[in-house]
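Presented below is the structure to which this report refers.
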Amino acid sequence: MLLLKISVGFIGTILIFVGCKKLYEKYTKLWLSPLLTCPAIIISFLVVCQIDYADYNQGAQWLTKLLGPATVAFAIPIYKNFVLIKKNASTIILSLVTGCIVALASSYLIALLFGINNSMIKSLVPRSITTPIAMDISTFIGGEANMTAVFVIVTGLAGSVIGPLIIRFLAIKSAAAKGLMLGMGAHGCGTSKAFEFGEKEGMFSSVAMILAALLSIVITEILLPLFA
Amino acid sequence: MNVLKIIVQIIIIYSFLLIGQWLATSSGLPIPGSIIGLLLLLLCLTLHIVPLQWVDLGARFLTGELLLFFIPAAVGIINYDNIIGIIGIKLIAVIFLSTIIVMTVTALIADRLTTEKRSISHASTKN
């Protein structure tokens, strides 16, 4: 019985995801992104059938656990494109250091402006970087890690919808700029989007996602305590 | 056959994660295990300790299907009643505004720097 429960959450999520992906590949409309449609379908299913999230997650959590090796796997696109990264090192570092500071500061200041309470702000601040590391930073600065995971997802959704619009609006041409902004602004979700633009964009986005995570750790866990 | 290959390669990549996590906890450094694992794998690839064919397919699967691994966390939104309503709208507004600012700033700086570099190299070839 337990095994059945686990496999339903796990396999069910994969099947619904594959269906959503096929639908998106056929029509390529922004609002048909599997990141929107797939959770929407699963949530409706859980609500209609009155299934607890905890029960669903018993199986589905094995997919979440793959985020760890997936982060490690980004060593391969970085290895394959090392020459390109070295050639663009100054662009990558300058834009990402600025991006990281802007990400942390703007989340904090805008949330403050909107009158959001302090504990929620702390969970909100690391929202733009990849889930496992955002959760680490959140715990470190006194936020709630699970809440942060939700904000990271909403950021991923926002970024994969807004990113292509910004690229069109600002008439961004270079693959480096497209990839870096998507990886910086919307972590893995932005990186998936970047691979839709092209191999090069995806590579820059992978680098941005990894470096943004590292830089955010340096800024929040090493530099901030020095000033506090 | 390919499925089996992908599974074996994911296990290889996963072992780098485990080593990274072990190093992170035993050293007490504030660097997550996944990042240490990534750096170790990168080092092993560069030194040809691990050939690319050993991990290429698995890595392609993991990075290519990244969105799938976010789905259960996204479904987890149903657990947070307190971020529905006015606070929820405010939080979503903060996230959208901040994301717009971050992406715009990053894109403009990167685009400016790459076009500058291009025009400098262009100018130098002219001279």
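The values are calculated or read from the model by the stated rules, or taken from the named source; none is laboratory data. Because the structure is predicted, anything quoted here is derived from the model rather than measured. Here the Cβ is made from the backbone with ideal geometry for all residues, glycine too, and neighbour counts use every protein chain on show. Quick note on the areas: whole protein, heavy atoms, side chains included, nothing else; ligands and nucleic acids left out. Shrake-Rupley method; radii C 1.70, N 1.55, O 1.52, S 1.80 Å.
Here are some notes:
- Count of the range A:91-117 residues, restricted to those that are open to solvent by 40 Å² or more (accessible area, probe 1.4 Å) and facing chain B (nearest Cβ under 7 Å), is 3.
- Looking only at the range A:15-36, and only at residues there that are within 17 Å of B:Gly76 (Cβ to Cβ) and touching a residue at least 40 places away in the same chain (Cβ under 8 Å), the one that is least open to solvent (accessible area, probe 1.4 Å): A:Leu35
- Counting only helices (runs of 4 or more DSSP H) that sit completely within the range B:1-114, those holding 1 or more residues that are open to solvent by 80 Å² or more (accessible area, probe 1.4 Å) correspond to B:2-27, B:33-46, B:56-64.
- Candidates A:Leu165, A:Leu157, A:Leu96, filtered to the one that is within 21 Å of the chain's Cα centre (by Cα), within 25 Å of A:Pro225 (Cβ to Cβ) and assigned by TED's automatic domain parsing to the domain that holds A:Ile222: A:Leu96
- Residue within the range A:14-30 that is within 20 Å of the chain's Cα centre (by Cα), assigned to a helix (DSSP H, G or I), modelled with pLDDT under 90 and away from every other protein chain (no Cβ under 13 Å) present: yes
- Of residues in the range A:163-191 being hydrophobic (A, V, I, L, M, F, W, C) and crowded, with 24+ Cβ neighbours inside 10 Å, the one nearest to A:Ala212 (Cα to Cα): A:Met184
- Hey, A:Ile153 crowded, with 20+ Cβ neighbours inside 10 Å, at the interface with another protein chain (Cβ under 7 Å from one of its Cβ atoms) and farther than 13 Å from A:Arg127 by Cα or not: no
- Of all residues in the range A:171-183, none that is outside the structural domain of A:Thr91 (by TED's automatic domain parsing) has its Cβ atom under 7 Å from the Cβ atom of a residue that is surrounded by 24 or more Cβ atoms within 10 Å (Cβ to Cβ), 6 or more apart or on another chain.
- Only a single criterion out of (1) farther than 20 Å from A:Cys38 by Cβ; (2) of a type outside the set (Val, Ile, Thr); (3) under 15 Å from the mean Cα position of the chain (by Cα) is not satisfied by A:Phe151, namely (1).
- A:Gly143 farther than 22 Å from A:Gly202 by Cβ, in contact with a Lys or Arg (Cβ under 9 Å, 6 or more places away or on another chain), surrounded by 19 or more Cβ atoms within 10 Å (Cβ to Cβ) and modelled with pLDDT under 95: yes
- Residue check, A:Gly163 closer than 19 Å to A:Ser107 by Cβ and not in a helix (DSSP H, G or I): no
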